[in-house]
1. Just the residues that are touching a residue at least 40 places away in the same chain (Cβ under 8 Å) and over 15 Å from residue 150 (Cβ atoms), please, taken from the stretch 166-181.
2. Restricting attention to the stretch 171-200, report how many residues are in contact with a strand residue (DSSP E or B) (Cβ under 8 Å, 6 or more places away or on another chain), assigned to a loop (DSSP other than H, G, I, E, B) and crowded, with 20+ Cβ neighbours inside 10 Å.
3. Report the residue count in the stretch 73-96 for those that are within 15 Å of residue 143 (Cα to Cα) and outside any helix (DSSP H, G or I).
4. So the check is Cβ under 6 Å with 6+ separation or different chains; which pairs have a first residue in the stretch 92-106 that's under 12 Å from residue 194 (Cα atoms) and a second one that's modelled with pLDDT of 95 or more and in a loop (DSSP other than H, G, I, E, B)?
5. Just to be sure I understand, how many residues within the stretch 110-124 are more than 15 Å from the chain's Cα centre (by Cα) and part of a helix (DSSP H, G or I)?
6. Within the stretch 97-109, can one find any residue that is assigned to a helix (DSSP H, G or I) and either within 30 Å of residue 43 (Cβ to Cβ) or at pLDDT below 85 (or both)?
7. Is it true that some residue in the stretch 133-143 is out of contact with any strand residue (DSSP E or B) (no Cβ under 8 Å at 6 or more places or on another chain), modelled with pLDDT under 80 and surrounded by fewer than 18 Cβ atoms within 10 Å (Cβ to Cβ)?
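The values are calculated or read from the model by the stated rules, or taken from the named source; none is laboratory data. Please read all numbers here as calculations on a predicted model, not as lab measurements. FYI the Cβ positions are ideal-geometry reconstructions off the backbone, even for glycines, and counts take in every protein chain you see.
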């Protein structure tokens, strides 16, 4: 069993509050609340496709990590030890990872455009009110390949589905995190910052 798989069941039970909503939930919210959409050029759509390809490459790399012999754990302390083991393996697999590897200079303005459309749309006030419950993290708190910080230890605030509707979908195990003006790409199984985008939220 690979490092990533062995923590799946425990992570689902212990970190349920941090998991992103399903695509079906996004669609339901979209119909109910009419999430704002941003018109994209062909070039911008191509940049989002390239971003999704980079995400898939990251996931492929993670799945190829060596397996270990540890059995699944059932308590928070042991689960965190497993998360640490997965982080260690990921850090060794991408030792030179840096901000902008996935949120490249080409795709960053496209993400900002999508987020600006959502925040200026009819649900912008609700979205901002929901985000205000998140811990006030910024670029100074995030480090690529580092632990995703949780200053007070409470469950992570879910990103509003009407905001996620504008963003490229992510594979299971990866999620967007937004706090203050920063958007992070988080590996939920490893609780690790894969990349982040400063000044994402207007």
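1. Result: 166, 167, 168, 169, 170, 171, 173, 174, 176, 181.
2. 3
3. The number of residues fulfilling the criteria is 3.
4. 97/144; 97/145; 98/144; 99/144
5. Counting residues in the stretch 110-124 that are more than 15 Å from the chain's Cα centre (by Cα) and part of a helix (DSSP H, G or I) gives 9.
6. yes
7. Checked against the condition, which is being out of contact with any strand residue (DSSP E or B) (no Cβ under 8 Å at 6 or more places or on another chain), modelled with pLDDT under 80 and surrounded by fewer than 18 Cβ atoms within 10 Å (Cβ to Cβ), the stretch 133-143 yields at least one hit.
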